[in-house]
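Structure record follows, encoded as structure tokens.
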Amino acid sequence: MRWMRAIAATLASRFPSGPLIRLLIGVLIAVSVGALALGFSAGYVTYRIVTEHNDTEVVTPASYLLSSYVNLNFTDRSGGEHEGWMLLGLRGAPVILLCHGYNSNRSELVSLGILLRENHFNVYLFNFRSLKEKEPYSALGLKQASDLLAAIDAITRQPAVNPRRVGLFGASTGGYAALVAAPQSSRVKALVVDTIYETPEQMFRTEVDRRLGGSSSIFRTLSEVEFHLFFLRMKPPVMSEEIPKLRAVPKLFISGRDEPSLAAATEDLYNYAGQPKRLLVFEHSQTSLTSGAEKKEYENQILTFFLSNLPLRAD
């Protein structure tokens, strides 16, 4: 025991216990408080991203004095009820489902829906958020894909539509949902997606950077860990394997230069896809368009695509 006391005495002489210990404790407390603050901040940002939604419907079909539409809700596979508008076109014509983007709702797509309906398509616009939301969290497209498949099943049972010919349009989370759902439904015959991503994690990173004006690698890593904890059970599909399943389906990919990271992801997904396919690049993505010539050109390009690839025949 004598040698241990000698070592202790030597260490004590080399590392003064008073001021040094207090300094080390102070540093440890400061680091711990900083780490906790960073963790709580990352958790708050993560929570806001996965719970963000917009229930304010600025316009409706009635705003356009449209009378040929009906309110038509559907129930998803978890029992949630979703509001929808069915714009009635030519009886027996295909139906095009319009999927709104992140932090938005069906009203943002009313003008596109009216244009498609004026050209005789049946059009269905619906909200991904259900009336009595049991699960307040958004998996940034995965749950929406399941809801979209339920919407396809419900709408193709309507007597006014051709049940074998469905078109899909979606932007951001709605576009990802459409891309995930399309290979799972043989009814889908034409697909348009705008500003999409390969995994929900890519969309999450974009939202983190958007809210913070760019983020540090440490903060982003903490946020991503918490995002994965939210959706631990959900397994996103491998899109490089899923997209080739749409070999016979005409596909239009749209990217906006205002979303550079998602534009790059959209173009990567375009490269995975087989023919027939087309890529359009606009200055702005759909979620940034409000009015004017650019929006008109955008919607006309989508109309032209569906007129060319989703014939109105009642086969």
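The values are calculated or read from the model by the stated rules, or taken from the named source; none is laboratory data. Predicted model, so just to flag it, every value in this text is computed and none were measured. Note: ideal-geometry Cβ built from the backbone for every residue, glycine included; neighbour counts use all protein chains shown.
State all residues of region 147-161 that are touching an Asp or Glu at 6+ places or on another chain (Cβ under 7 Å) and not acidic (Asp, Glu); if no residue qualifies, say none.
Ala150
When only residues in region 294-315 that are in a loop (DSSP other than H, G, I, E, B) and of a type in the set (A, V, I, L, M, F, W, C) count, which is modelled with the lowest pLDDT?
Filtering region 294-315 for residues that are in a loop (DSSP other than H, G, I, E, B) and of a type in the set (A, V, I, L, M, F, W, C), the one modelled with the lowest pLDDT comes out as Ala314.
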All but one of (1) touching a Phe, Trp or Tyr at 6+ places or on another chain (Cβ under 7 Å); (2) at pLDDT 90 or above; (3) of a type in the set (A, V, I, L, M, F, W, C); (4) crowded, with 18+ Cβ neighbours inside 10 Å hold for Phe204; state the number of the condition that does not hold. (2)
What residue, of Val193, Val225, is buried (at least 19 other Cβ atoms within 10 Å of the Cβ), of a type outside the set (Asp, Glu) and either assigned to a strand (DSSP E or B) or modelled with pLDDT under 80 (or both)? Val193
Answer yes or no as to whether Phe126 is at pLDDT 95 or above, out of contact with any Lys or Arg (no Cβ under 9 Å at 6 or more places or on another chain) and among the aromatic types (Phe, Trp, Tyr). no
Being surrounded by fewer than 22 Cβ atoms within 10 Å (Cβ to Cβ) and either touching a residue at least 60 places away in the same chain (Cβ under 8 Å) or within 11 Å of Leu97 (Cα to Cα) (or both) is the filter here; which residues of region 113-126 pass it? Leu115, Asn119, His120
Taking region 52-78 and the residues there that are touching a residue at least 24 places away in the same chain (Cβ under 8 Å) and loosely packed, with under 12 Cβ neighbours inside 10 Å, the one that is farthest from Gly113 (Cα to Cα) would be Arg77
Does Phe230 qualify as being at pLDDT below 85 and under 17 Å from the mean Cα position of the chain (by Cα)? yes
Give the residue that is modelled with the lowest pLDDT, with candidates limited to residues of region 262-286 that are in contact with an Asp or Glu (Cβ under 8 Å, 6 or more places away or on another chain) and surrounded by fewer than 21 Cβ atoms within 10 Å (Cβ to Cβ). His284
Yes/no for Ser291 being modelled with pLDDT under 90 and surrounded by 13 or more Cβ atoms within 10 Å (Cβ to Cβ): no
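Per-residue answers, yes or no, for (1) within 30 Å of Glu297 (Cβ to Cβ); (2) out of contact with any helix residue (DSSP H, G or I) (no Cβ under 8 Å at 6 or more places or on another chain); (3) of a type outside the set (A, V, I, L, M):
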| residue | (1), (2), (3) |
| --- | --- |
| Ile96 | yes, no, no |
| Asn103 | yes, yes, yes |
| Val110 | yes, no, no |
| Asn119 | yes, no, yes |
| Lys143 | no, yes, yes |
Could you list, ordered by first residue, the pairs with Cβ atoms under 8 Å in which the first is in region 242-260 and part of a loop (DSSP other than H, G, I, E, B) and the second is of a type in the set (Asp, Glu), at least 6 apart or interchain? Arg257/Glu283; Asp258/Glu283
With respect to the numbered conditions (1) within 21 Å of Asn300 (Cα to Cα); (2) touching a residue at least 24 places away in the same chain (Cβ under 8 Å), which one is the sole condition not fulfilled by Gly84? (1)
